[in-house]
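Notes for the one structure printed next.
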Amino acid sequence: MKKIRLKLLEFICCPDCHSELSLTEKITEELIQEGHLYCNKCKDYYPIIDGIPILFKAKYLTGSRFKESFEKSGTYWTDLNAKLYENFRAKLVTRLFGGNIFTYDYVKDAIEPTANLLDIQKGDTILDIACGTGLLTRPLARRVGDSGNIVGLDISFDMLRYAKKYAERDGLYNIDLIKGNAEYLPYKNDYFNGVASSGIFPSDLNPSKTLDKMYRVLKKGGKLSLGAGVQCKYQGLKIRLVRKILDILTKIFNMRIKWIKQDELVRLVETAGFKNVQYLHLDGILCIVKGKK
Ligand SMILES: C[S@@+](CC[C@H](N)C(=O)[O-])C[C@H]1O[C@@H](n2cnc3c(N)ncnc32)[C@H](O)[C@@H]1O
Ligand SMILES: [Zn+2]
């Protein structure tokens with residue numbers, strides 16, 4: 001699993017001009033670990049490091065508050081964050097913003113329902129955007145089976161390194177990981193059977209730009225399942241308090257976290273072109289929005 005599978009070349013493209021990419025090295029085996037992908041139109045090279053194609057350009061980071069840390073590591077989701085993510089950070093944050101502070105289980109209560117809503121068939125190809133360390137990627141990989149394929153995209157190389165490690169630990173070999181930006185998806189149009197994402201909002205991403213790209217890469221009839229945190233109508237005292245604290249921290253650290261209102265997220269998903277859009281409240285601020293192309 002350290003290597004990329006050549007099947008990837010069927011559906012990845014240059015994030016800038018959407019032209020096909022070719023491998024610069026002559027490949028004799030099915031898999032490659034290090035090398036370069038080349039866009040003939042832009043005359044640009046994209047490296048493959050540890051089997052992870054870096055389909056990403058520094059110019060996408062213009063204006064980011066985190067430019068400095070981005071330049072060093074690609075994101076502020078750095079190694080320490082990645083190391084602590086599954087056993088500590090994801091649990092803590094979702095217990096604060098989700099349901100019961102002692103019993104809320106992010107995987108069982110939020111991730112599994114997000115995966116279920118895609119109605120996955122064996123053999124499907126599903127894209128997991130902002131896959132992080134793979135909390136959603138791995139349940140998706142189990143559902144599509146060996147004949148299927150999950151593509152995990154994240155901006156953080158450190159998060160992806162852990163995603164790879166955990167997938168190997170669980171014996172899942174149907175996952176391809178790519179470093180890229182959700183606003184500049186490096187995939188061809190109308191390709192995936194489903195697009196999933198969890199924990200992508202609230203963030204500093206432009207929601208309508210991101211949703212437009214999700215729509216573009218989905219096949220006609222393909223499904224979207226988007227797990228997110230929103231400003232919803234069911235906010236208890238604990239959540240209002242946690243949000244106040246977070247607002248203060250966001251100001252102090254000058255972070256660009258944009259909160260989206262529940263109705264606004266639904267409207268944005270519809271505006272991107274999705275049909276049959278439904279909002280499902282999970283617990284606390286957590287919800288899933290589903291739709292169909
Ligand atoms: C809260 S984590 C969610 C990870 C995983 N989906 C989960 O539910 O556990 C948010 C992830 O979004 C990624 N991310 C942030 N901005 C991104 C962008 N512009 N493009 C792709 N991924 C991004 C971060 O690197 C991080 O891994
Ligand atoms: Zn190009």
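The values are calculated or read from the model by the stated rules, or taken from the named source; none is laboratory data. Since this is a predicted model, take the numbers as computed values, not measurements. Every residue, glycine as well, gets a Cβ built from its backbone with ideal geometry; the counts of neighbours run over all protein chains shown. Protein only, heavy atoms only, side chains kept; ligands, DNA and RNA dropped before computing areas. Shrake-Rupley method; radii C 1.70, N 1.55, O 1.52, S 1.80 Å.
Structure data summary
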{"item": "Residues satisfying the stated conditions in the stretch 117-130, i.e. open to solvent by 10 Å² or more (accessible area, probe 1.4 Å) and of a type in the set (Val, Ile, Thr)", "result": "120, 125"}
{"item": "Enumeration of residues in the stretch 151-178 that are open to solvent by 30 Å² or more (accessible area, probe 1.4 Å) and under 12 Å from the mean Cα position of the chain (by Cα)", "result": "155"}
{"item": "Residue in the stretch 266-293 that is farthest from residue 103 (Cα to Cα), counting only those that are basic (Lys, Arg) and open to solvent by 60 Å² or more (accessible area, probe 1.4 Å)", "result": "275"}
{"item": "Failed condition for residue 193, given (1) under 18 Å from residue 52 (Cβ atoms); (2) surrounded by fewer than 24 Cβ atoms within 10 Å (Cβ to Cβ)", "result": "(1)"}
{"item": "Residues being within 16 Å of ligand 2 (Cβ to nearest atom) and in a loop (DSSP other than H, G, I, E, B) - total across the stretch 187-212", "result": "2"}
{"item": "Matching option when the condition is among the hydroxyl-bearing types (Ser, Thr, Tyr), assigned to a helix (DSSP H, G or I) and touching a helix residue (DSSP H, G or I) at 6+ places or on another chain (Cβ under 8 Å), among 215, 173, 162, 184", "result": "162"}
{"item": "Selection status of residue 63, modelled with pLDDT under 90 and more than 16 Å from ligand 2 (Cβ to nearest atom)", "result": "yes"}
{"item": "Residues of the stretch 100-125 satisfying the condition of being more than 13 Å from ligand 1 (Cβ to nearest atom) and in contact with a helix residue (DSSP H, G or I) (Cβ under 7 Å, 6 or more places away or on another chain)", "result": "101, 104, 120, 122, 123, 124"}
{"item": "Scope the stretch 244-262; condition closer than 29 Å to residue 115 by Cβ and without any contact (Cβ under 8 Å) to a residue 12 or more places away in the chain; matching residues", "result": "246"}
{"item": "Positions within the stretch 101-128 being in contact (Cβ under 8 Å) with a residue 24 or more places away in the chain and part of a loop (DSSP other than H, G, I, E, B), in sequence order", "result": "101, 104, 117, 118, 119, 120, 121, 122, 123, 124"}
{"item": "The stretch 131-150: number of residues that are in a loop (DSSP other than H, G, I, E, B) and surrounded by fewer than 24 Cβ atoms within 10 Å (Cβ to Cβ)", "result": "5"}
{"item": "Selection from the stretch 207-246 of residues that are open to solvent by 60 Å² or more (accessible area, probe 1.4 Å) and over 13 Å from residue 287 (Cβ atoms)", "result": "209, 212, 219, 220, 237, 238, 240, 241, 244, 245"}
{"item": "Unique residue being assigned to a loop (DSSP other than H, G, I, E, B), away from ligand 1 (no atom under 16 Å from the Cβ) and either at pLDDT 60 or above or not basic (Lys, Arg) (or both) when the list is 26, 7", "result": "26"}
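Rundown of residues vs (1) within 16 Å of residue 218 (Cβ to Cβ); (2) aromatic (Phe, Trp, Tyr), yes/no style:
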| residue | (1), (2) |
| --- | --- |
| 155 | no, no |
| 166 | no, yes |
| 172 | no, no |
| 189 | yes, no |
